[in-house]
Structures are given as C-alpha cells and as structure tokens.
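Q: Right, I'll just put the structure down here and ask away after.
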Amino acid sequence: VYGNPGAIHAEGLAASNALEVIRKEAADAIGAHSDEIVFTSSGTESNNLAIKGSLNMYGSGAHAITSLIEHPSVLEPLLEMERRGAQISYLSVDSEGLIDSEALKRSITSKTVLVSIGLINSEIGVLQDYKTLAKAVRAEKKKRKDDSSILFHIDAAQAPLWMNLKVEAIGCDLMTLDAQKILGPKGVGLLYVKR
C-alpha cells in the first residue's frame, strides 16, 4: 500500500489503515499501547530520537548515564549532546561486560534525566541485568515529584530473537527496536515511548 497515510484519498486511507494495523501488532508484541509506538527509519534513528529528545527536553546541563560498551548509535548522540552542554556519565563494566547497579545508583544526580543502556551487547552478547538497573532508576523516580523526570531507555535492537520483550517486565520508559535485526525489512525502526 503506497499511498500517503496522511492523505484523505482512497490510497492514503488504505495506507493509514495498514499502518495502524502494523502499529497495533508491534504494540501487542511488546505489551504496549498503539499510541506508544513511533516508527522510524532504523534502530539508529530510534536511539537518536530517544537520547536527543530526552536531553533536549530538559535543556543545557541535563545529565545522562550510559556505559562505555554501548553501540555507536547510543554513544555518538550522547557525545554530540555533551558538546552541546549536557553532562554524560560513562559507566565501566566488569569482566563479564555487566554494569554494576551500585555504580549506576552513585552516578545518578538531581540533574539526571536519562539512563540509556543496551539490553544485549552486539559485540560480546552480554545480557544486562535490566531488572536491577530498572529498579535503581525507579527508586530515583520515587524520590522526585515528577516521575517522568528521569527516563530509562533500553536499546533492545539485538534482543527480540533471544528473549520476550514486554515493556512492563523490562521496566523501561523508552525502547529501541530495529526490524532488520529480526528478519524484518530494512529501513524500519521503532521507538516505544511510554505514556
């Protein structure tokens, strides 16, 4: 269906309907609502949107946390935001490639607005202890008046073939997926954005 989904002619309406069917299927696959699904052109664009969107929302001086072993599509936008005045903490990992949740907790400041972590590392295959990391972020949220003031972003592009990705179980606010990593079409990415 090649019509413009924003158009009101028959081809546009057919495209719009097809897009909403796919949006619902994607949402159902991760336990989300349809309006929480944003389609992009790739996992890279989804990561950029999550990172730059979150940090730009809070302005200069906003703080983000990530690890030193993240994919370049996470590290590069963070470096760019750092050049623009954001503060970024880069966590080390242990010999197994895991992030220490205590190090994460110590890195969180009153200016932290984003924690961005890869669920499964594309180079070494390590699965992060996402439940413990999410718990650390949730604990910080509870201390704040506005629980959306710190977002937990998971780059899950490498994960769908290996594990169930229900967003409630993962505990994320933002999640990146990439169709080409799961035998889907190239040029299609997804960013889950929690209501």
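The values are calculated or read from the model by the stated rules, or taken from the named source; none is laboratory data. Not measured: the values here are computed from a predicted model. In this analysis, Cβ positions are derived from the backbone assuming ideal geometry, glycine residues included, and neighbour counts consider all displayed protein chains. Protein only, heavy atoms only, side chains kept; ligands, DNA and RNA dropped before computing areas. Shrake-Rupley method; radii C 1.70, N 1.55, O 1.52, S 1.80 Å.
Q: Averaging sequence separations of C-alpha pairs under 8 Å and six or more residues apart, then dividing by the length of segment 60-128, give the relative contact order as a whole percent.
A: Dividing the mean separation by the residue count of segment 60-128 yields 44 percent.
Q: Express as a percent, rounded to the nearest 5, the fraction of DSSP beta bridges in the chain (both residues included) that run antiparallel.
A: Roughly 40 percent of the DSSP beta bridges within the chain come out antiparallel.
Q: Roughly how many debye, to the nearest 20, is the charge dipole of segment 103-173 about its Cα centre, given +1 on each Lys and Arg Cβ, -1 on each Asp and Glu Cβ, and no other charges?
A: Around 500 debye, computed over segment 103-173.
Q: Enter the Cα centre distance for the pair segment 51-96 and segment 140-173, rounded to the nearest angstrom.
A: Result: 16 Å between the Cα centres.
Q: What are the residues whose amide H is under 5 Å from the amide H of S89, where those residues sit 5 or more places off or on another chain and H is modelled from the backbone?
A: The answer is A64, I65, T66.
Q: Using Cα positions and a limit of under 24 Å, work out the lysines in reach of K111, with same-chain residues fewer than 8 apart set aside.
A: Once the sequence-local lysines are set aside, what remains near K111 is K52, K131, K135, K141, K142, K143, K145, K194.
Q: Over the chain, what relative contact order in percent results from Cα pairs under 8 Å that are six or more residues apart?
A: Dividing the mean separation by the residue count of the chain yields 24 percent.
Q: State in Å² the accessible area per residue of segment 1-117; use a 1.4 Å probe, count heavy atoms of protein chains only, and round to the nearest integer.
A: Dividing the accessible area of segment 1-117 by its residue count gives 52 Å².
Q: Could I ask something else about it? Using a 1.4 Å probe over the heavy atoms of the protein chains, calculate the carbon and sulfur portion of the accessible area of segment 1-142 as a whole percent.
A: 54 percent
Q: Then there is this: Students often check this: by mean Cβ neighbours within 10 Å, which of 89-95, 8-14, 136-142 ranks highest, and how do the rest follow?
A: The most tightly packed comes first, giving 136-142, 89-95, 8-14.
Q: Give the ranking of F39, F152 by solvent-accessible surface, highest area first, calculated with a 1.4 Å probe.
A: F39, F152
Q: Related question: How much accessible area does S107 have with a 1.4 Å probe, in Å² rounded to the nearest 10?
A: The value for S107 is about 20 Å².
Q: Counting only complete DSSP H runs, which helices of the chain cover 30 Å or more along their long axis at the Cα atoms and score a mean Kyte-Doolittle of -1.0 or above?
A: 10-30
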